Amino acid sequence: MHKEQRQVEASQPSGIGHNITDPIRNKFDIYRKKFNWQYKSKEYQEKKFERFKKNLDKINKIKGNRRSKYDAQVHVTKFTDTHPQKFKVHHSGILKPNSNAARRIDSTTRKPKCKKLQWTSKHIFPEARDQLYCGSCYAISIADMILAQNRAESRNFDGHLEPLSAQYIVDCLSPPDAFQCNGGHPAQVLNQLSLCRNNKSGHCMLPKESCYKYTGENGTCRLSCPPEQVQVIAADMLDIHGQNEMDIMANLLKWGPVIGIVGISETWQFYNGSGVMRPHQCTTNQSHAVIVTGYDYTTCVPTYTVRNSWGADWGAQGYIKLEAGKNTCGIAQSN
């Protein structure tokens with residue numbers, strides 16, 4: 001995948017040759033300045049403006065289709081100048097697995113006694129990351145889950161928190177499990193990591209982000225980080241499959257945050273951080289890896305808290321709530 005070219009003509013005004021009293025044009029100018037979007041040419045900027053107008057109509061339609069006050073709310077986001085289909089291509093990254101490499105867990109029908117759990121309150125995550133125009137959600141979810149599960153297991157909730165390198169996974173893990181910015185599958189990548197760990201060969205160590213920084217582009221694998229800058233892989237991809245969502249709750253309690261695979265929609269693209277994503281607002285056609293960080297069954301609409309990889313300026317500081325118990329967006333089904 002290629003990173004979209006936005007920043008070229010930094011000082012190009014958008015209103016030249018147009019009615020400056022046009023309210024939509026004014027909204028677009030405000031939008032550009034807010035997110036510092038600078039387009040490669042006047043013609044490309046006009047193309048983005050036309051897409052912005054169409055997406056405003058989509059946002060209004062989604063607002064009109066809300067069924068209750070609890071539904072996810074939408075507004076202008078940094079993705080409002082992006083075609084929804086192009087958005088799904090560049091901001092997801094899950095490929096169908098060749099086999100089920102995830103470890104199957106024992107299913108349970110008993111609801112855990114703990115009705116509310118939130119791992120984000122335990123200081124086990126860095127700030128939400130932005131995958132940029134790279135289908136690396138699988139890599140980011142793996143790196144962040146490994147860090148979170150290790151800190152949860154050790155009960156290490158204090159001290160310095162440095163993310164692990166997702167770019168290393170993009171650059172160094174191989175097909176058919178991972179195809180750099182063209183996507184991958186978390187279960188198979190984790191399986192590849194665990195196999196090489198058991199054989200004591202291959203790429204079993206994840207460097208820290210400070211040594212192997214994220215670029216959002218395909219790169220050549222580097223093995224130059226010193227020993228103190230790497231961490232041994234120690235995490236499992238659990239197969240929380242099928243219709244019983246009690247498994248998600250039980251394993252959040254037992255293991256810590258877990259990876260989920262979801263289907264994204266235009267409501268995801270324009271989500272403003274308020275309300276709960278409900279089944280009628282998304283698809284179960286899974287295409288995107290996220291991390292389930294907690295649940296809450298004490299509210300009118302039970303929810304999962306989900307950590308995304310579209311930056312802290314999306315949603316609620318990079319997070320979204322999904323309705324629990326309804327397989328919302330395919331969160332509980334096999335991929």
Exercise. Order of 130-137, 42-49, 151-158 by packing, highest average Cβ count within 10 Å first?
Worked result: 130-137, 42-49, 151-158
Exercise. Given R₀ = 22 Å, FRET efficiency for Lys53-Lys33 by Cβ-Cβ distance, to 0.05?
Worked result: 0.80
Seminar exercise, completed: XL table Lys33/Lys208; Lys48/Lys208; Lys86/Lys321; Lys34/Lys213; Lys113/Lys326; Lys40/Lys213; Cα-Cα > 31 Å flagged, in table order, is Lys33/Lys208; Lys48/Lys208
For this session: Please sort 63-73, 79-89 by packing, taking for each peptide the average over its residues of neighbouring beta carbons within 10 angstrom, highest first.
Result: 79-89, 63-73
For this session: Using a cut-off of 11 Å between beta-carbons, work out the net charge of the residues near Pro163 (Lys and Arg +1, Asp and Glu -1, Pro163 not included).
Result: -1
For this session: Using 0.36 nm per residue of separation minus the Cα-Cα distance, give me the extension gain between Ala316 and His280 in nm, one decimal.
Result: 10.9 nm
Exercise. What is the extension gain from Asn26 to Lys69, computed as 0.36 nm multiplied by their sequence separation minus the C-alpha to C-alpha distance, in nm to one decimal?
Worked result: 12.5 nm
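Each reported figure results from applying straightforward, stated rules to the coordinates on display, with no laboratory input. Source: prediction; values computed, not measured. With ideal geometry, Cβ positions are generated from the backbone for all residues, glycine too; neighbour counts draw on all protein chains shown.
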